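The values are calculated or read from the model by the stated rules, or taken from the named source; none is laboratory data. Everything numeric here is computed off the predicted structure, so don't read it as measured data. Ideal geometry is used to build each Cβ from the backbone, glycine not excepted, and the neighbour counts take in all protein chains shown. Surface areas here come from the heavy atoms of the whole protein model, side chains and all, with no ligands, DNA or RNA. Shrake-Rupley method; radii C 1.70, N 1.55, O 1.52, S 1.80 Å.
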Amino acid sequence: MKPKIALLAAVIAFSYTNAQENPYTDIHMRNYSKKIDSIIVSEKAKMNNELDDLEKTFKENKLSAEEKQKQKTEVAKKYEQIINGKVDDEKVNLENATRELVKSSVMGKGKVFDQIGFAQNNAILSFRDTKRTKKELLKADDLNISFAFPNLTKSAGSLNLANKSSEAKFGKSTSTVFEYRATRQFGALTSPVFYRIGLGLRSDTYGLDNSKVFVQQDRQIYLTDFTQGNLKKSRISNYYVTVPIDFVFVLNPKYTTENDVKMLDNSKGNFRVSAGVYGGVRYLSQNQIIYKNFEDHRTSYRENINGSVNNFLFGGKISLGYGALNVFVKKDFTPIFNDNAKINNKYGIQIGLELLYINF
C-alpha cells in the first residue's frame, strides 16, 4: 500500500506546483488525495472498532491470549486487503486522469492547457524564467516521468524483447520511473555533448499468465496453477531507488552568439541520442493475486517477497529523441531474481517512452 500512496503523492505534488496556472488540475488532484485519505481513515476506524470489541471480549475472559493475537492479525490483514483494493481502484482513475493531462498538454486541447506547449530546452512543460540567457539554457534540472513495457530474458546479453518463453507476459507488464535529473554541457560551450546524472524511483510490475501465480515457500518462489477460484490478476512488483548516468549527443547542433561568444543553441528542439548506465537498490518486492473465490467474492492477496529477489540492479539504457519525445530501451545486466526464484528468465529488458519532461 505504501508504494501506491507514494506514487499518488508524487503526481499530486507535481500538479500542486502547477496549480496557479492550472486550477482545474489542482482541484482534480486534491479530490483524489481526499478520496485516499477518506478511504484510509474510514477503514482504520472500522478496524479499530473491531479491535476494541476483541479487547473487550478478552478482558471478559471469553478469549485466550493466543486466540486474541490470532484474531487481531486476521482483522489487520482483512482491512489491509480492503484498503489495498480501494486504493487500486482509485489508482486506475488517477492514471486515466494523468493520461488525459499528458494528452491535452501535448495536443494543446482544452482551455486549461492553453498556455502549455513545447518549452525551451526540449521540455513539454517549463517553470523556468523565460528571460534566461542562451548560456544558462545549456544547464538544466528536470523532472522526468517515463512508462515502459518490460519483459524477462534468460541472459544479460539477450535483447529478445518479445521472449515468448518468459514467465512474465509482455504487454501485461509495466514499468514506471520518476526521476530528477541534472544535465550539464560536456566541454566547451559549442560542444554537442552533455552528461546527465539523476535520482529516481522505479516500479516494475510483471504480469503473469492468466492461470499462473507465484507461491513463496521457505524464501523461495515458484510458479504454479491457480485453483482457488476465478483468477483476475497475478503479478509481482519490484521497487527500486535508482541513480542513472547518461551521455547525450545532439545530432543536429545549431549555434548562436551571445555577448560575442559562440555557443550551442539549446533553446529549440533538437535530435539527439543518449547512452548510459543505471544502478538501483531494491527496497520492496510484493506478490499480488486478485481473484473471485468460489462464493464469487472479490479477494486481494498480497505478500512481501523475501530472499528470492536481488537487492541490487545494474543496467544500460539507450534512447533516441526529438524535442520532448524520447523512446528508450533498457537492459538489466544483473539478474532481477536470484537462485531462490525457480524460473528460467531472470534478466529484465524494456522499451518505453518518456511521458513528461519538465524543466525548472
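Take the alpha-carbon centre of region 197-216, take the same for region 228-299, and report the distance between them in whole Å. Cα centroid of region 197-216 versus Cα centroid of region 228-299: 14 Å apart. Classification of region 210-302 by its C-alpha gyration tensor yields a prolate form. The axis ratio a/c (a ≥ b ≥ c) is 1.5 or more, and a/b outweighs b/c. Taken as Cα centroids, region 49-70 and region 158-186 sit 49 Å apart, rounded to the nearest whole angstrom.
In terms of the Cα gyration tensor, with a ≥ b ≥ c the square roots of its eigenvalues, is region 174-239 rounded because a/c is under 1.5, prolate because a/b exceeds b/c, or oblate? It is prolate, given that a/c is not under 1.5 and a/b is the larger ratio. Here the dipole of region 143-274 is about 260 debye; that uses its Cα centre as origin and unit charges on the Cβ of Lys and Arg (positive) and Asp and Glu (negative). Figure note: Val281, Val309, Val215 ranked by solvent-accessible area, largest first, 1.4 Å probe, ligands and nucleic acids not counted: Val281, Val215, Val309.
By the rule of a C-alpha distance below 15 Å, with chain neighbours fewer than 8 residues away ignored, the aspartates and glutamates paired with Lys35 are Asp26, Glu43, Asp88, Asp89, Glu90, Glu95. Between the listed residues Gly229, Ser285, Asn345, the Cα displaced farthest toward the positive end of the dipole of region 210-360, a dipole computed from Cβ unit charges relative to the Cα centre, is found at Gly229.
Mind checking the per residue accessible area of region 137-267 for me, 1.4 Å probe, whole number of Å²? Present the calculation step by step, with values, prior to reporting the outcome.
On the way: 6290 Å² over 131 residues.
Value returned for region 137-267: 48 Å² of accessible area per residue.
Element breakdown for region 223-360 at a 1.4 angstrom probe: carbon and sulfur atoms account for 57% of the accessible area.
When the listed pairs Lys212/Lys330; Lys34/Lys164; Lys62/Lys292 are checked against a 31 Å cut-off, the alpha-carbon distance exceeds it for Lys34/Lys164; Lys62/Lys292. Straight-distance candidates among the lysines for linking to Lys262, with alpha-carbon spacing under 24 Å and chain neighbours fewer than 8 residues away dropped: Lys131, Lys134, Lys135, Lys139, Lys254.
A 1.4 Å probe run over region 41-90, with the rest of the protein chains in place, finds 68 Å² accessible per residue.
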